[in-house]
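Q: Got a structure for you, questions after.
The values are calculated or read from the model by the stated rules, or taken from the named source; none is laboratory data. Small disclaimer: the values here were computed from a predicted structure and weren't measured. Positions of Cβ are generated from backbone atoms using ideal geometry, with glycine treated the same way; all protein chains shown enter the neighbour counts.
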Amino acid sequence: MDLLLPVGTRLLHIGPPKTATTTLQSAFHNNREALNSHRVHYAGKARQPMTAALAAADGSTVPGRSAGNWPRLLQEIEDADADRVMISSEFFSHADDEHARAVVEALGADRTHVVITLRPLVKIIPSQWQQYVRDRMRSAYPEWLDLMFNHADETTITPTFWRRHRHDLLVRRWAEAVGKQNLTVIVLDESQPERLLNIVEEMLGLPLGLLVSKPDANNRSMTLPEVELMREFNEQFFANEWTSEDYTRFIRFGSTRRFMERVPAADEPKITTPQWAVDRCIELSRQMVTSIATSGVRILGDLEWLTVAPRASAVGDPEENPVVLTTELAARHSIDVIGAAKVLSTQEGNFPAQLAAVKQQLAAVKQQLAAVKQQLTETKRKLADARKQLRAVQERLQETKQQLGDSEQLRSEQSIHHHTACDLMGVVFGRVRARLVPGRRSRG
Amino acid sequence: MSADGAGLLLPVGTRLLHIGPQKTGTTAVQGAFHSNRAALAEHGVHYAGKTRQPRPAAAAVVLGTALPGFPADSVDRWPALVEEVRTSSADRVVISAEMFANAGEAAARTVVEAFDANRTRVVITLRPLAKIMPSQWQQFIQSGAHMSYAEFLDAMLDQPRDTSEHTQAFWHRHRHDELVERWAGVVGPDNVTVIAIDDRERRMLLDTFELLLGLPQGLLAYDTKSNSSLSLTETEVFREFNRQFFLDKQWPEEVHAAAARYGMATYLKNEPTLACEEPIATPAWALRRADEIAVEMTTAIRRSGVHVIGALQDLRHLPDDAPDDVAAIDEVPVEVAARAVMGVVWHTTMARTPRSRRPGTMGAKAPAAKSSKPATGPTTDELTSAQLVGVVAGRARRRITRST
């Protein structure tokens, strides 16, 4: 069968979760250059465009992260200088009929091909539960199974679960949106992990073996003691009134990522699914397989494999006894919290450097403050001087006024004198006149 | 000395210097003094210092340095303490800090002379060595050690005293006969009082202090804080944490002090002990060895001529149900492990959570802030540079506004 898609195709892989999505995505993300040289563009900057996919699928966000920008991702796809574009995020599986149609239309209904990867539900279920616990859920496994199988309509816990994992409905929903001829279901074969990569290589016209997957510690499932530690921790975390934003930042994308680098001992207990839930899974898987088989989409791999019974070791009721941890495991997550906090502080700026910078700023502000104070003192002094000068001027003015008054008085006195002088002059003049006319006196 | 308490009252003018040692109920006694200051003052008793205990001041004179985590100028608290005691107008002054028990002879002399040798009464509280051992081990673990209890007991009881820092520190405090002799040598046996604590009498220690100080019976009351010990289960998680921290990661000491001692330990102590947690039980051989030492110590103390309150034979403790070996903890309940993580989260990432959402501010079950450095406002590392500059600018603005 020739799988090669036409030039111009946008290949949209929608998961669902727990179907080797991380393997596929890291194979693309880590080989971007090689992809480019074969004219394939992998959309987004990270391993997967999680927040943009959520925005497109149901408008949801990740607590503590900014809302995804779906239009920007679309623009990037539009602008890509490539023959084919690959878009992969399991979060597209959250979309309802309407959103699925909108996603396809936005990508171009005539050039979009959807890929859905599938694994047996009975294998997905424990893995999905521990993933929810890693994202702050507190429900115990049996309790959660009961909610999902018997009370899914009533509970508010993990509302996305059946949206993701009613695989028949998922296939039909997207077949409706994109056309059944444009949808390929790939049934994963765990004995041949490279098969998925080879199929996608063929669809995109890549040389066989170009996509290489790098093992990722975070992609493993937690063991039972690990997940129980997380669950109890979640209980205490939220009892302390911390927020989902804190959790996402410090725990989910912080300490838990480091914690997953731990290598559990081979005999560390795994999560086991109770027989009743296994039976329900297989029953449901049979229904789903029948429905998918008749849906008219292209199916690669053997659908019957989705209904096989799990290994005996994966089945069993949870222990009556509470789970216990080794001291190594008990102490390990505390260490990882510190490790993550150290990383956080380096990401957000090395603390000592930050402190030094603040100190420097503080010193600068202090210096400014000192300068202002000095100016203030100087101004005050000048003001005082000016006041003093003013006072001196006023005093002088007063003095001058006084002098002026004095001189006026003097002048008036002088004028009196003057007048007196005139009088005197008059007298003198009179005398002179008397001298000049002596006869008058003798005669008189 | 009569046992009914008659004649215990210390003369007016006495400075009662309580030197511990560690793990003899000091935290509880200090809390009783600290939280009843006003009532004490009414009865002519002054409790020196501003906090539960003047530890930085005592460290300054005993160690000659500031305590880790305290500013360098905290050494000035010693002369300040001496001045406070000197100028107190109270009839009797109480100074209590177990750090004083770490003093060598010269430091002890300096301390006593500072408080005036003529009016200082040294009080030493004692509990059975056998009970101090588990308590002291988990304290060492909280400070970063990673020896097992079996290794600890072997080092303390079967190795020379100068084997390690831990053995030296332990015996300097807990060779109680030498401790008594050291202080009696400085202040005179007649000015030393040993209180042999009877653990069965809860108020014994407080009643005794009331008699010594002339306080009405019942005035001293315990506050809520106790320096409780970790269980064996918790200590084993802590010990493994220390191993991963120092051996695997080789992270710095101060990160440990913050995240583990003040974060994890505080959080664990504040949570109720679970039924499945194991206590730290001392094996029979170690109890026997400790009892031999206790006999030597009590004999020497009896001969030393110091005042003794309580019965020295109570310092022997030899239960007959002791295990043969130290219990091995291979498995830890998830609750304890999750509490350890929570304690670290609580401390390590607290800086990045808005204050209003911090544990303790919402009435949630949360560790009461009970580190020795109670925070009264955000510390520098709780604020971003921008916020800090904002604070400074705000202050500068206010200063400028005020001064204009």
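Q: Can you say whether A:Asp317 is more than 37 Å from the chain's Cα centre (by Cα) and not assigned by TED's automatic domain parsing to the domain that holds A:Ala177, as far as the supplied structure shows?
A: Values: more than 37 Å from the chain's Cα centre (by Cα): yes; not assigned by TED's automatic domain parsing to the domain that holds A:Ala177: yes.
It is true that A:Asp317 is more than 37 Å from the chain's Cα centre (by Cα) and not assigned by TED's automatic domain parsing to the domain that holds A:Ala177.
Q: I want to confirm something. Restricting to the stretch A:302-333 and keeping residues that are among the small types (Gly, Ala, Ser) and in contact with a Lys or Arg (Cβ under 8 Å, 6 or more places away or on another chain), which single residue is nearest to the other protein chains (Cβ to nearest Cβ)?
A: So in the stretch A:302-333, the residues among the small types (Gly, Ala, Ser) come out as A:309, A:312-314, A:316, A:330-331.
Imposing the further condition that a residue be in contact with a Lys or Arg (Cβ under 8 Å, 6 or more places away or on another chain) reduces the set to A:313-314, A:331.
On the way: A:Ser313: 21, A:Ala314: 22, A:Ala331: 4 Å.
By that ranking, first place goes to A:Ala331.
Q: Name every residue in the stretch A:130-155 that is within 22 Å of A:Thr223 (Cα to Cα) and β-branched (Val, Ile, Thr), in order of residue number.
A: Residue satisfying the conditions is A:Val133 alone.
One line per residue, one yes/no per condition, for (1) among the polar types (S, T, N, Q); (2) touching a Leu at 6+ places or on another chain (Cβ under 6 Å); (3) in a loop (DSSP other than H, G, I, E, B); (4) surrounded by 17 or more Cβ atoms within 10 Å (Cβ to Cβ):
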{"position": "A:Glu143", "(1), (2), (3), (4)": "no, no, no, no"}
{"position": "A:Phe149", "(1), (2), (3), (4)": "no, no, no, no"}
{"position": "A:Pro159", "(1), (2), (3), (4)": "no, no, yes, no"}
{"position": "A:Arg173", "(1), (2), (3), (4)": "no, no, no, yes"}
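Q: Tell me which residues, restricted to the stretch B:57-90, are touching a Lys or Arg at 6+ places or on another chain (Cβ under 7 Å) and modelled with pLDDT under 95. Walk me through it before giving the result.
A: Residues of the stretch B:57-90 that are touching a Lys or Arg at 6+ places or on another chain (Cβ under 7 Å), as a first pass: B:57, B:60, B:67, B:69, B:85.
Correct list: B:Leu67, B:Gly69.
Q: Which one is farthest from the other protein chains (Cβ to nearest Cβ), of the residues in the stretch A:226-273 that are β-branched (Val, Ile, Thr), touching a residue at least 40 places away in the same chain (Cβ under 8 Å) and part of a loop (DSSP other than H, G, I, E, B)?
A: First, the residues of the stretch A:226-273 that are β-branched (Val, Ile, Thr): A:227, A:243, A:248, A:251, A:256, A:263, A:271-273.
Retained after the next criterion (residues that are touching a residue at least 40 places away in the same chain (Cβ under 8 Å)): A:227, A:243, A:248, A:251, A:256, A:271-273.
Of the ones still in play, those that are also part of a loop (DSSP other than H, G, I, E, B) are A:243, A:271-272.
Values: A:Thr243: 6, A:Ile271: 14, A:Thr272: 17 Å.
It comes out as A:Thr272.
Q: Something else about it: Would you mind finding the one in B:Thr208, B:Thr282, B:Thr299, B:Thr224 that is under 30 Å from A:Ala239 (Cβ atoms) and hydroxyl-bearing (Ser, Thr, Tyr)?
A: Working: B:Thr208 fails: under 30 Å from A:Ala239 (Cβ atoms); B:Thr282 fails: under 30 Å from A:Ala239 (Cβ atoms); B:Thr299 fails: under 30 Å from A:Ala239 (Cβ atoms).
That would be B:Thr224, the only listed residue that is under 30 Å from A:Ala239 (Cβ atoms) and hydroxyl-bearing (Ser, Thr, Tyr).
Q: Something else about it: Working only within the stretch A:114-129, note down all residues that are crowded, with 23+ Cβ neighbours inside 10 Å and outside any helix (DSSP H, G or I).
A: A:Val114, A:Val115, A:Ile116, A:Thr117, A:Leu118
Q: Is it the case that A:Leu211 is more than 9 Å from every other protein chain (Cβ to nearest Cβ), in contact with a strand residue (DSSP E or B) (Cβ under 7 Å, 6 or more places away or on another chain) and more than 24 Å from A:Val324 (Cβ to Cβ)? Outline the logic, then answer.
A: Values: more than 9 Å from every other protein chain (Cβ to nearest Cβ): yes; in contact with a strand residue (DSSP E or B) (Cβ under 7 Å, 6 or more places away or on another chain): no; more than 24 Å from A:Val324 (Cβ to Cβ): yes.
So A:Leu211 fails the test.
Q: May I ask you to list the residues in the stretch A:32-70 that are of a type in the set (Val, Ile, Thr) and within 24 Å of A:Met203 (Cα to Cα)? Even if it seems obvious, please write down each step before you answer.
A: Going through the stretch A:32-70, the residues of a type in the set (Val, Ile, Thr) turn out to be A:40, A:51, A:61-62.
A:Val40, the sole residue that qualifies.
Q: Follow-up. Looking at (1) part of a helix (DSSP H, G or I); (2) surrounded by fewer than 15 Cβ atoms within 10 Å (Cβ to Cβ), find the lone condition where B:Leu206 falls short.
A: (2)
Q: I'm trying to understand the selection: among the residues of the stretch B:174-200, which are basic (Lys, Arg) and at pLDDT below 95? Write out each step before concluding.
A: Of the residues in the stretch B:174-200, the ones basic (Lys, Arg) are B:175, B:182, B:200.
Correct list: B:Arg200 only.
Q: Another question about this same structure. Pick from B:Lys269, B:Lys225: which is assigned to a loop (DSSP other than H, G, I, E, B) and either surrounded by 19 or more Cβ atoms within 10 Å (Cβ to Cβ) or at pLDDT below 90 (or both)?
A: Working: B:Lys269 fails: assigned to a loop (DSSP other than H, G, I, E, B).
On inspection, the qualifying residue turns out to be B:Lys225.
Q: Based on what the data block shows, is A:Ala340 of a type outside the set (Lys, Arg), within 9 Å of chain B (Cβ to nearest Cβ) and touching a Gly at 6+ places or on another chain (Cβ under 7 Å)?
A: Working: of a type outside the set (Lys, Arg): yes; within 9 Å of chain B (Cβ to nearest Cβ): yes; touching a Gly at 6+ places or on another chain (Cβ under 7 Å): yes.
Judged against the criteria, A:Ala340 is a match.
Every residue, every condition in (1) within 14 Å of another protein chain (Cβ to nearest Cβ); (2) acidic (Asp, Glu); (3) within 25 Å of A:Arg262 (Cβ to Cβ), yes or no:
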{"residue": "B:Phe246", "(1), (2), (3)": "yes, no, yes"}
{"residue": "B:Pro252", "(1), (2), (3)": "yes, no, yes"}
{"residue": "B:Asn270", "(1), (2), (3)": "yes, no, no"}
{"residue": "B:Ala281", "(1), (2), (3)": "no, no, no"}
{"residue": "B:Arg289", "(1), (2), (3)": "no, no, no"}
{"residue": "B:Glu292", "(1), (2), (3)": "no, yes, no"}
{"residue": "B:Ala300", "(1), (2), (3)": "no, no, no"}
{"residue": "B:Arg303", "(1), (2), (3)": "no, no, no"}
{"residue": "B:His307", "(1), (2), (3)": "no, no, no"}
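Q: For the stretch B:33-145, please list each of the strands (runs of 3 or more DSSP E) lying entirely inside it that holds at least 1 residues being farther than 21 Å from B:Leu219 by Cα.
A: Correct list: B:120-126.
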